[in-house]
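> Sharing a structure, written as structure tokens. Questions coming.
Nothing in this text is a laboratory measurement; each read-out follows from the coordinates by a stated rule. Note that the coordinates shown come from a computational prediction; the quantities given were computed from them, not determined experimentally. A quick note on method: Cβ atoms are made from the backbone with ideal geometry, for glycine too, and the neighbour counts reach across all protein chains shown.
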Amino acid sequence: MQRITAIDELRRARAELTGSVAFVPTMGFLHDGHLALMREGLRRCDHLVVSVFVNPTQFGEGEDLDDYPRDLDGDAEKCRHLGCDLFFTPQRQAVYPDGDVTRVVVDELGDYLCGPSRPVHFPGVTNVVARLFNLVAPDVAVFGEKDYQQLAIIRRMVKDLHFPIEICGVPTVREADGLAMSSRNRYLNNDEREQAICLSRALVAAYRAYQQDHSRPVADLVRAATNEIDSRPLAAIDYVECVHPDRLTPLADAEPIGDDGAVMAMAVTIGRARLIDNLRLDRALPDGPLRRI
């Protein structure tokens, strides 16, 4: 595995890769969820490129940019062990050169869910991902479905800008009790970690309510989820919403879920950690911890 920081070095190394290339962009502090993305990339392609870049433009004022967990050497060792070809860790100056004035923004899809409370987040994501796509030139890029809104926005960006890249989504990887894996889970103390399982329990509560009666109004499904979160005194809800799976628009409270299906999505703050999670209500529960809740 080559560890690379400079753009010219990356381009030379990328040109030497023969066959198909998968790309997994990350902000580092890699966990099993990230490794699942990498394994999927290697399953689909001949080579794997992984980037670690804590992107400053997707953090708003007062967010955890300075405190975001970092372990670059540990990340490199995980990637090397898995079979990564190129491990790209650029400095900010390489990604955002002096005088940079170009922006890539996907309208509408960022107006919902995390968008209102994190207005700079998704423009920051699309700007850095577009730049990384141009640098790495992958055939396939792999993202996690835990960040459902991010995945939808990147898919739209790739479609609109005609990037010749297949976007692959990988199901959320969870701890044994159902908590979605996240680098920010490290912020949780023991009491907070125990209460954090309310997110996955809330999703399952909404799922079961829908499966018991498909005619139930959306408001009932949201209430089933929020009741579970509200029972945990350390959990503060940012949003709990039932949205269209493609457009991400909130579904009407008084109506049942339609033929297009729905995603229950939520953001909950527990201690210092802002946690997100989601679940398709109109599909079978994925294998794993959610089935045991």
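> Val128 fails exactly one of the following numbered conditions: (1) surrounded by 20 or more Cβ atoms within 10 Å (Cβ to Cβ); (2) over 30 Å from Arg43 (Cα atoms). What is the number of that condition?
(2)
> Separate question: Looking at Ile276, is it surrounded by fewer than 19 Cβ atoms within 10 Å (Cβ to Cβ) and assigned to a strand (DSSP E or B)?
In short, no.
> Out of Ala196, Ala152, report the one residue that is among the small types (Gly, Ala, Ser) and more than 24 Å from Val106 (Cβ to Cβ).
Being among the small types (Gly, Ala, Ser) and more than 24 Å from Val106 (Cβ to Cβ) holds for just one of Ala196, Ala152, which is Ala196.
> Being within 18 Å of Leu10 (Cα to Cα), surrounded by 23 or more Cβ atoms within 10 Å (Cβ to Cβ) and of a type outside the set (Gly, Ala, Ser) is the filter here; which residues of segment 22-49 pass it?
Those that are within 18 Å of Leu10 (Cα to Cα), surrounded by 23 or more Cβ atoms within 10 Å (Cβ to Cβ) and of a type outside the set (Gly, Ala, Ser): Phe23, Val24, Pro25, Leu48, Val49.
> Now a separate question. Hey, can you tell me all the residues within segment 240-261 that are surrounded by 16 or more Cβ atoms within 10 Å (Cβ to Cβ) and in contact (Cβ under 8 Å) with a residue 60 or more places away in the chain? Outline the logic, then answer.
Start the filter on segment 240-261 by keeping residues that are surrounded by 16 or more Cβ atoms within 10 Å (Cβ to Cβ), which leaves 240-245, 248, 250-251, 256-257.
Listed by number, the residues that qualify are Glu241, Val243, Leu248, Pro250.
> I'd like the residue in segment 136-173 that is out of contact with any strand residue (DSSP E or B) (no Cβ under 8 Å at 6 or more places or on another chain) and among the hydrophobic types (A, V, I, L, M, F, W, C) and, out of all such residues, is farthest from Pro97 (Cα to Cα).
Ala152
> Of the numbered conditions (1) aliphatic (A, V, I, L, M); (2) crowded, with 23+ Cβ neighbours inside 10 Å; (3) out of contact with any Cys (no Cβ under 9 Å at 6 or more places or on another chain), Leu135 fails exactly one; give the number of that condition.
(2) is the only condition that Leu135 fails.
> Anything in segment 125-180 that is in contact (Cβ under 8 Å) with a residue 40 or more places away in the chain, assigned to a helix (DSSP H, G or I) and hydroxyl-bearing (Ser, Thr, Tyr)? List them, or say none.
Tyr148 - this is the single residue of segment 125-180 that is in contact (Cβ under 8 Å) with a residue 40 or more places away in the chain, assigned to a helix (DSSP H, G or I) and hydroxyl-bearing (Ser, Thr, Tyr).
> Looking only at residues that are charged (D, E, K, R) and outside any helix (DSSP H, G or I) in segment 225-239, which one is surrounded by the fewest Cβ atoms within 10 Å (Cβ to Cβ)?
If we take residues in segment 225-239 being charged (D, E, K, R) and outside any helix (DSSP H, G or I), then Asp238 is surrounded by the fewest Cβ atoms within 10 Å (Cβ to Cβ).
> I've got another one for you. Tell me which residues, restricted to segment 45-97, are in contact (Cβ under 8 Å) with a residue 12 or more places away in the chain and among the aliphatic types (A, V, I, L, M).
Leu48, Val49, Val50, Val52, Val54, Leu72, Ala76, Leu82, Leu86, Ala94, Val95
> Here is a further query. Can you work out which of the residues in segment 181-219 that are surrounded by fewer than 20 Cβ atoms within 10 Å (Cβ to Cβ) and not in a helix (DSSP H, G or I) is nearest to the chain's Cα centre (by Cα)?
Filtering segment 181-219 for residues that are surrounded by fewer than 20 Cβ atoms within 10 Å (Cβ to Cβ) and not in a helix (DSSP H, G or I), the one nearest to the chain's Cα centre (by Cα) comes out as Met181.
> Looking only at segment 147-156, count every residue that is crowded, with 20+ Cβ neighbours inside 10 Å and touching a Phe, Trp or Tyr at 6+ places or on another chain (Cβ under 8 Å) and tell me the total.
Summing the residues that are crowded, with 20+ Cβ neighbours inside 10 Å and touching a Phe, Trp or Tyr at 6+ places or on another chain (Cβ under 8 Å) in segment 147-156 gives 4.
> Given (1) of a type outside the set (D, E, K, R); (2) under 20 Å from Tyr148 (Cα atoms); (3) in contact with a Phe, Trp or Tyr (Cβ under 9 Å, 6 or more places away or on another chain), identify the lone condition not met by Ala205.
Unmet condition: (3).
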